[in-house]
Amino acid sequence: MGSRERKELIENFICFLILAVVATAIITYRIAVNKCLEEGIIFGEKKISEDANQNIANIGVTLSNFRRVIDSYYLGEIDESKITEETIKGYINGLGDEYSQYFTKEEWEQFEAGALGSYVGIGIYISEDKSGNAIIAAPIKGTPADEAGLQSGDIFMEVNGEDVTGIGSDLVSSKVKGEAGTTVHIKLLRGSEEVEYDVERKEIKVYHVESEMLEGNIGYIHLYTFDEGCANEFETELTKLKNQGAKKIIIDLRNNTGGLVNEALSIIDLFVDKDQVILAAVDKDGTREEEKSVRNKVFDMEIVCLVNEYSASASEILSGVLRDLAGAKLVGEKTYGKGVIQSVFPLQDGSALKLTTNEYITPSGVRLNKEGLKPDVEVELDAEKYKADKTDTQRDKAVEVLKGN
């Protein structure tokens, strides 16, 4: 075969090689799922449809042909593990759902470690925009990220030279974390300017709650994240504020991108009567499961929830339900709009599949997903004033609303 003929043959296969990524993912996924079903790892009873099985079989034949061409003509080494991981990710991304995600074993271990209250990283809360770009919701006070000058709203472009645009906040988070004492190089988009930082990784302690007394018998609680134990911390801090004379409360959920929904429900329990329906979850078949409050009301006080565009998931549940059942007022900016539940299916090899399985509905019937919550009082944060002297125009408005009641 001449060089020209060989070149034409290779060119004819370029488009098919692109499709091979998806094909490999489908076959690999099928093997993984069948293995997990046999082991009792994935908790589902539905079988793959005949059409899907036939399609997988057809793709398998085509993929075998692709691989013969790759083995014959591809110039370079083939990392089978890398191909498998990336193609499975491509398959899950093909669902078109920004929250469904495949984690390799290493990524899942890092993700779980970050939810335990402490981890090794740079100290940031990460959110995500509608395009799957990871955004710094807020640096944690006193951490390497805070000291380096990373800012809320910075968009991740690269981590250690790797393009991370559009891959989702969970994966970006796993890439930023690493061993203590090592340095991570980050490129960020800040407005229209690209900025770069070298930040040392350290052990980060996550503080869920901060509180203080404000004038007018108003207590203030900033709830940073819904990690395990935050509801107990919240109750402890609110009890302290009440003992100091607090009769009204501001719950600051700005830049809180969510976490464990059960923690949010435990906080809601503090403000509503026992046995009230506080949340409903609906699956793909329309099956509805309701959550009810499980204890008697502990606190009876006027509430303002401070929210912004990065208030998401559990933050939206907490603020939305408190508005429905406890008369809370929402102050700030429209929330993110994440009202779906992800279930995690661990695989035999230590990797995991995170899949959107349910949608949340508040007691008044509000669907949060892709809609968000519109505040009762809309006010933007004056960034220039805050930068100049820490004047918080949104918190000031929350105080004004409570004083006016």
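The values are calculated or read from the model by the stated rules, or taken from the named source; none is laboratory data. Because the structure is predicted, anything quoted here is derived from the model rather than measured. Because the Cβ atoms are built from the backbone with ideal geometry, glycine has one as well, and the counts that use them run over all protein chains shown.
Structure data summary
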{"read-out": "Residues satisfying the stated conditions in the stretch 191-235, i.e. at pLDDT 95 or above and of a type in the set (Phe, Trp, Tyr)", "value": "197, 220, 234"}
{"read-out": "Condition check for residue 223: more than 28 Å from residue 136 (Cβ to Cβ) and within 30 Å of the chain's Cα centre (by Cα)", "value": "no"}
{"read-out": "Flag if residue 265 is in contact (Cβ under 8 Å) with a residue 60 or more places away in the chain and touching a strand residue (DSSP E or B) at 6+ places or on another chain (Cβ under 7 Å)", "value": "no"}
{"read-out": "Unique match (being within 30 Å of residue 103 (Cα to Cα) and of a type in the set (A, V, I, L, M)) among 330, 353", "value": "353"}
{"read-out": "Criterion: within 21 Å of residue 153 (Cβ to Cβ) and either of a type in the set (D, E, K, R) or surrounded by 18 or more Cβ atoms within 10 Å (Cβ to Cβ) (or both) - qualifying residue of 359, 309", "value": "309"}
{"read-out": "Single match in 351, 319 (criterion: closer than 30 Å to residue 81 by Cβ and either crowded, with 19+ Cβ neighbours inside 10 Å or at pLDDT 95 or above (or both))", "value": "351"}
{"read-out": "Answer from 236, 225, 143 - the residue that is touching a Phe, Trp or Tyr at 6+ places or on another chain (Cβ under 7 Å) and either surrounded by 18 or more Cβ atoms within 10 Å (Cβ to Cβ) or in the same structural domain as residue 301 (by TED's automatic domain parsing) (or both)", "value": "225"}
{"read-out": "Residue selected from the stretch 170-190 under the condition surrounded by 13 or more Cβ atoms within 10 Å (Cβ to Cβ) and aliphatic (A, V, I, L, M), by the criterion modelled with the lowest pLDDT", "value": "171"}
{"read-out": "Top-ranked residue in the stretch 63-85 [being among the charged types (D, E, K, R) and in a loop (DSSP other than H, G, I, E, B); ranked as farthest from the chain's Cα centre (by Cα)]", "value": "77"}
{"read-out": "Residue match in the stretch 251-266 (condition: farther than 30 Å from residue 153 by Cα, surrounded by 16 or more Cβ atoms within 10 Å (Cβ to Cβ) and either outside the structural domain of residue 228 (by TED's automatic domain parsing) or at pLDDT 95 or above (or both))", "value": "no"}
{"read-out": "Within the stretch 365-385, considering residues that are without any contact (Cβ under 8 Å) to a residue 24 or more places away in the chain and either touching an Asp or Glu at 6+ places or on another chain (Cβ under 6 Å) or surrounded by fewer than 14 Cβ atoms within 10 Å (Cβ to Cβ) (or both), the one nearest to residue 313 (Cα to Cα)", "value": "365"}
{"read-out": "Unmet criterion (only one of (1) modelled with pLDDT under 90; (2) exposed (fewer than 15 other Cβ atoms within 10 Å of the Cβ); (3) over 30 Å from residue 369 (Cβ atoms)) for residue 120", "value": "(2)"}
{"read-out": "Unmet requirement for residue 129, which otherwise passes all of (1) surrounded by fewer than 18 Cβ atoms within 10 Å (Cβ to Cβ); (2) under 21 Å from residue 387 (Cβ atoms)", "value": "(2)"}
{"read-out": "Members of the stretch 143-198 found to be over 20 Å from residue 310 (Cβ atoms) and in contact with a Leu (Cβ under 8 Å, 6 or more places away or on another chain), listed by number", "value": "194, 196, 197"}
{"read-out": "Test: residue in the stretch 192-200 that is polar (S, T, N, Q) and assigned to a loop (DSSP other than H, G, I, E, B)", "value": "yes"}
{"read-out": "Of the criteria (1) surrounded by fewer than 10 Cβ atoms within 10 Å (Cβ to Cβ); (2) assigned to a loop (DSSP other than H, G, I, E, B); (3) modelled with pLDDT of 80 or more, which one residue 48 fails", "value": "(1)"}
{"read-out": "Selected residue [within 17 Å of residue 157 (Cβ to Cβ) and of a type in the set (Lys, Arg)] from 190, 201", "value": "190"}
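This table checks each residue for (1) under 17 Å from the mean Cα position of the chain (by Cα); (2) assigned to a loop (DSSP other than H, G, I, E, B); (3) of a type in the set (Gly, Ala, Ser); (4) over 21 Å from residue 258 (Cα atoms).
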site: 323; (1), (2), (3), (4): no, no, no, no
site: 335; (1), (2), (3), (4): yes, yes, no, no
site: 344; (1), (2), (3), (4): yes, no, no, no
site: 348; (1), (2), (3), (4): no, yes, no, yes
site: 353; (1), (2), (3), (4): yes, no, no, no
site: 356; (1), (2), (3), (4): yes, no, no, no
site: 370; (1), (2), (3), (4): yes, yes, no, no
site: 388; (1), (2), (3), (4): no, no, yes, yes
site: 391; (1), (2), (3), (4): no, yes, no, yes
